[in-house]
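S.K.: Okay, here's the structure, questions in a sec.
FYI, it's all coordinate maths here, none of it is from the lab. Quantities reported herein were computed from a predicted structural model and do not represent experimental measurements. Here Cβ is always computed from backbone atoms with ideal geometry, including for glycine, and neighbour counts include all displayed protein chains.
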Amino acid sequence: MATERTLSIIKPDATRRNLTGKINAKFEDAGLRIIAQKRIQLTKAQAGEFYKVHAERPFFDELTTFMASEPVVVQVLEGESAIAKNREVMGATNPAEAEAGTIRAEFAESVGENSVHGSDAPETAKEEISFFFSGLELVG
Ligand code: DAT
Ligand code: MG
């Protein structure tokens, strides 16, 4: 096992309902450290660039409109196997399939408005962290 960093986003459905602290508590309780964090408003174009891997999917327009609809909190989580651990804490994409106790089981409103994003592999984690944060902002 190795210490990893992963990119997390608290999505607009969660910031709107004032859930940032409750979601951060789930990360910290799981041993993930929030080593960088900022609240920003994405444009639809920026959301589209971030999610470009999904550009051909039927839900792309809905996804990018949603991600630009209200502020998001972008963050870097660090810990042992942080990428997989964060995916565990998040739960399945569809909250109806998410395990009890996960963020999406407790807070997500639908498959589209599912409260959190988390990187899915070491390469995407690296890319996604540098999409939002400069090296100077990552103090560990
Ligand atoms: P995850 O966020 O669990 O990594 P993903 O990468 O497959 O899931 O999809 C990215 C986001 O796109 C997901 O969090 C919500 C949205 N999405 C995925 N499938 C969808 C669907 N069938 N309908 C609406 N939105 C969807
Ligand atoms: Mg994904």
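S.K.: With θ set to phi - 60° and the Karplus curve 6.51 cos²θ - 1.76 cosθ + 1.60, what are the ³J(HN,Hα) couplings of region 74-89 in order, to the nearest whole Hz, using x for Gly and Pro?
M.R.: Couplings: 9, 8, 10, 9, 10, x, 4, 6, 4, 5, 5, 4, 5, 4, 5, 5 Hz.
S.K.: Now, a different point. Please find, in a Gaussian network model of the chain (springs between Cα atoms separated by less than 10 Å), the residue of 50, 59, 107 whose mean-square fluctuation is greatest.
M.R.: Top of the fluctuation ranking is 59.
S.K.: Dipole magnitude of region 17-91 about its Cα centre, charges +1 at Lys/Arg Cβ and -1 at Asp/Glu Cβ only, in debye to the nearest 20?
M.R.: Its charge dipole is roughly 160 debye.
S.K.: May I ask for the Kirkwood hydrodynamic radius of region 1-106, worked out over all distinct Cα pairs and given in angstroms to one decimal?
M.R.: Kirkwood radius, region 1-106: 14.5 Å.
S.K.: Now, a different point. Take the chain, connect every pair of alpha-carbon atoms lying under 10 Å apart with a spring to form a Gaussian network, then pick out the residue of 86, 94, 114 with the largest mean-square fluctuation.
M.R.: So, out of 86, 94, 114, the one fluctuating most is 94.
S.K.: Once phi is turned into θ = phi - 60°, what whole-Hz ³J(HN,Hα) does the Karplus curve with 6.51, -1.76 and 1.60 give for every residue of region 111-117, x standing for Gly and Pro?
M.R.: So the Karplus estimates, Gly and Pro as x, are 4, x, 10, 10, 6, 9, 10 Hz.
S.K.: Here is a follow-up. Lysine pairs in the chain with Cα distance under 26 Å, only those 8 or more apart or on different chains: how many are there?
M.R.: So the count of such lysine pairs works out to 21.
S.K.: Using only Cα atoms, locate the centre of region 15-58 and the centre of region 109-136, then give the distance between them in Å, rounded to an integer.
M.R.: Answer, in whole Å: 7.
S.K.: Need one word for region 41-89: rounded, prolate or oblate. Basis is the Cα gyration tensor (sqrt eigenvalues a ≥ b ≥ c); a/c below 1.5 gives rounded, then a/b vs b/c decides.
M.R.: The shape class here is prolate.
S.K.: For a quick check, take a GNM of the chain with Cα springs below 10 Å and name the residue from 115, 69, 130 with the largest mean-square fluctuation.
M.R.: Taking springs between Cα atoms under 10 Å, the residue moving most is 130.
S.K.: With each pseudo-label sitting 7 Å past Cα toward Cβ, what's the residue 136-residue 61 distance in nm, one decimal?
M.R.: Here the modelled spin labels are 4.0 nm apart.
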